[in-house]
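Below you'll find the structure, written out as structure tokens, and then a few comments.
Please treat every number below as a calculation from the coordinates, not as lab data. From a predicted model like this one, the values you see are computed outputs, not experimental measurements. Methodologically, a virtual Cβ is constructed for each residue, glycine included, from the backbone with ideal geometry; neighbour enumeration extends over all protein chains shown.
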Amino acid sequence: MSKGSFYVTTPIYYPSDRLHIGHAYCTVAADAIARYKRLCGYDVMFLTGTDEHGMKIEDKANEAGVTPKQFVDEIVEGPRGIKDLWKLMNISNDRFIRTTDDYHVAAIQRIFRKMYENGDIYKGKYVGKYCKPCESFWTESQLVDGKCPDCGREVVDAEEEAYFFRLSKYADRIQDLLENTDFLQPRSRVNEMVNNFIKPGLEDLCVSRTSFSWGVPVDFDPGHVVYVWVDALSNYITALGYCNDAYHDMDRYWPAVHFVGKEIVRFHSIIWPAMLMSLGVPLPKMVYGHGWLNFGGEKMSKSRGNVVDPYILAEKFGVDALRFFMLRTFPFGSDGNFTNELLIQTINTDLANDLGNLVSRTTAMAEKYFGNKLPAGGELTEADGEMKALADEVAANYQAQMDVFQFSAALNEVWRLIGRANKYIDENMPWALAKDEAKKPRLLAVMKNLCEAIRVSAILISPVMPDTAQAIFQRLGVPENGRDLDAAAYDLETEGFWTITPGAPLFPRIDMEKELAELEAMAAKAKQDALPALELEPQATENVDFETFCKSDFRAVKVKACEHVKKSDKLLRFTLDDGTGTDRQILSGIAKWYAPEDLVGKTLVAVVNLPPRKMMGLDSNGMLISAAHKEKGEEKVNLIMIDDAIPAGAKLC
């Protein structure tokens, strides 16, 4: 009988590149909870997916020479893509949503219109700062040292017509929600949200863009596309059929528990509930902001290049071992520092020495002393009662910890029972009992106790290590009715159990030094394989006569000032000393590759006798000389910089 419904979601991941172990961490955690709730008898809906719109995707697709849809299709659906990764990691999601799905696009247009018609979305003009990697708008006061407060990278001036959501209207209600309920967990996240974002004053939120086209069109105002907040966050309800006919599950499953990384807690705990308030939709049960898996003391980041490939680790050490390591080692909610050494150490200690050794020793002795079937009977002692009491205590504590998403603490409980079972072997010495026929009843009870402790442990680890649990059940001959949580009560007299089939070690010990050396070699090879092939423009076949070439006046110029051109993502505006005593202004489309402040004081090369050219309403008097090439389809531009000892105005010949 179902205990009710339970809806759990991951964030929808941005397919600008392949995912890393940090993304797998959140998805494995959500999968473990989904499996646990099913084990408890709940009707579960588990959703994950991808957030596929935005300027960054559009730009990357253009650089790769494909359409945005082709670009995201390859990363999501292609070989070793996101869907393949979740299959590899044994993720049991019930649905996978893509924000390019037709039903979602149609629903977003209806949601946007609904908030517009109720007065919560209005048209205006955005003027402020924009972080392209995060796709976030900021005010000057929100910047940290002039940079994006989320990722620490440069921001650019942004100005465009846009629609805004009246986020400020809901500030008081959001603050009350955060401070006076358990909506946001862990509670340590609450003060950060209230003090950093609400108390300084919530500003209305930009929810449409006109500077790119890869997004959901605003159907009543051509030229505008729905910006990420409305598009991406609404996936949690469109996937259940809100404002569409693809599904009809809102009443059955909503509200949800959202698992998200701490870097996007702000969007889920402030913007998302305000949107739902505007729509009149009940709020989620909870937003749980987990910590980061750090690597080398830094957050794993595709842009930093410090990511860990879950494909390599899963294929090398096994999926269950990797899942176990992530949830056993790092308390959910806190940051954790990932190292290959810690992974191997955890596998050797917890899985090979403790669990694997217990299963191998027990099944080998059971088969040796009783054949492949443990008979009825057995002589119990007081020590056996202690084992039962511990097993029942562990099962209760485990459920209490899993109910509050404390995977590490829950697994610690299971390992108390596993550790006690290993000690029980040493205390009772089955090999000694087997030498005396009169002690055969006691030997039988000892083997049953060990099998029962292993069976209960296998039930409890099954949400985290589903394949390992099934392998243990098969080795012990546990029938289906002995594999669910209701059967986790310790019972030595259950009929039909204990048809023993020993097998190879579940987790062979790993040679630390050898594996680390192999991982290092694999990483070096992957890095080498990733080095882009250089693509150069073909050389011109048409000759230019010498006199024509000599008419171009190449001069050394020194950069006095450099800044972004408003309303342009490409142009930088240079103020140059060309040796004439009068400043020269040149505009150059290199903003993608250079920060303006890094160029001040540099000595460059310019053609100074070109006619003036209007760019974004400004005169460009000349052209700076750069070298251009492509790396794996991505354009690279390098300004030609020369020795600073060369004076401004010196002619190049």
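Couplings 3J(HN,Hα) for the range 209-222, derived from phi with the Karplus relation 6.51 cos²θ - 1.76 cosθ + 1.60 (θ = phi - 60°), are 9, 10, 8, 8, 10, 7, x, 7, x, 6, 5, 9, 8, x Hz, where x marks Gly and Pro.
The angle between the Cα long axis of helix 466-476 and the longest principal axis of the Cα atoms of the chain comes to about 20 degrees, rounded to the nearest 10. If you take every DSSP beta bridge fully contained in the chain, what fraction is antiparallel? Give it as a percent rounded to 5. Counting only bridges with both partners in the chain, antiparallel ones make up about 70 percent.
Sorted ascending by nearby beta carbons within 10 Å, beginning with the fewest, ARG252, ARG35 become ARG252, ARG35.
For the range 446-524, chymotrypsin sites (Phe, Trp or Tyr not before Pro) meeting the loop criterion (DSSP other than H, G, I, E, B) and having at most 15 other Cβ atoms within 10 Å: none.
Comparing Cα centroids, the range 4-66 and the range 615-631 end up 41 angstrom apart. With a simple spin-label model that places each label point 7 Å from the Cα along the Cα-to-Cβ direction, the separation between TYR247 and SER188 comes to 3.2 nm. The fewest-to-most ranking of HIS268, HIS629, HIS53 by surrounding Cβ atoms within 10 Å reads HIS629, HIS268, HIS53. What shape does the range 364-421 have by the C-alpha gyration tensor, where a ≥ b ≥ c are the square roots of the eigenvalues, rounded means a/c under 1.5, and otherwise prolate means a/b greater than b/c and oblate the rest? Because a/c hits 1.5 or more and a/b exceeds b/c, the range 364-421 counts as prolate.
Principal-axis analysis of the Cα atoms of the chain puts helix 357-370 at an angle of about 30° to the longest axis. Other residues lying with their Cβ under 15 Å from the Cβ of PRO282 contribute a combined charge of +1, Lys and Arg counting +1, Asp and Glu -1.
With the highest mean first, a sort of the peptides 366-377, 458-469, 404-415 on other beta-carbon atoms found within 10 angstrom per residue produces 458-469, 404-415, 366-377. When Rg and Dmax are taken over the Cα atoms of the range 382-499, they come to 14.5, 49 Å. Look at GLU452, GLU74, GLU382 and count the other Cβ atoms within 10 Å of each Cβ; fewest to most, that gives GLU382, GLU74, GLU452. Each residue of the range 613-620 was assigned a 3J(HN,Hα) from its phi angle through the Karplus expression (A = 6.51, B = -1.76, C = 1.60, θ = phi - 60°), giving 10, 7, 9, 6, x, 10, 7, 10 Hz with x at Gly and Pro. As an equivalent ellipsoid, the range 546-639 spans semi-axes of 21, 18, 14 angstrom, where each value is the square root of five times an eigenvalue of the C-alpha gyration tensor, largest first. Backbone amide hydrogens, once placed in the peptide plane, bring TYR163 within less than 5 Å of GLY124, VAL207, SER208, excluding anything fewer than 5 places away on its chain. Couplings 3J(HN,Hα) of the range 110-126, computed from phi: 5, 5, 4, 5, 4, 6, 5, 5, 8, x, 8, 10, 9, 8, x, 9, 8 Hz, in residue order, whole Hz [Karplus 6.51 cos²θ - 1.76 cosθ + 1.60, θ = phi - 60°; x for Gly and Pro]. In the range 546-639, a dipole from Cβ-located charges (positive for Lys and Arg, negative for Asp and Glu) runs towards its positive end, and of ILE625, VAL608, GLY589 it is GLY589 whose Cα lies farthest in that direction.
Under 5 Å from the amide H of ASN337 lie the amide H atoms of ASN294, each residue being 5 or more positions distant or on a separate chain, with H modelled from the backbone and absent for Pro and chain starts. Within the P(r) computed for the chain, what percentage of the Cα pairs occupies the region above 49 Å? Value for the chain: 29 percent of Cα pairs lie more than 49 Å apart. Computed about the Cα centre, the dipole magnitude for the chain is approximately 160 debye when only Lys and Arg (+1) and Asp and Glu (-1) carry charge, each at its Cβ.
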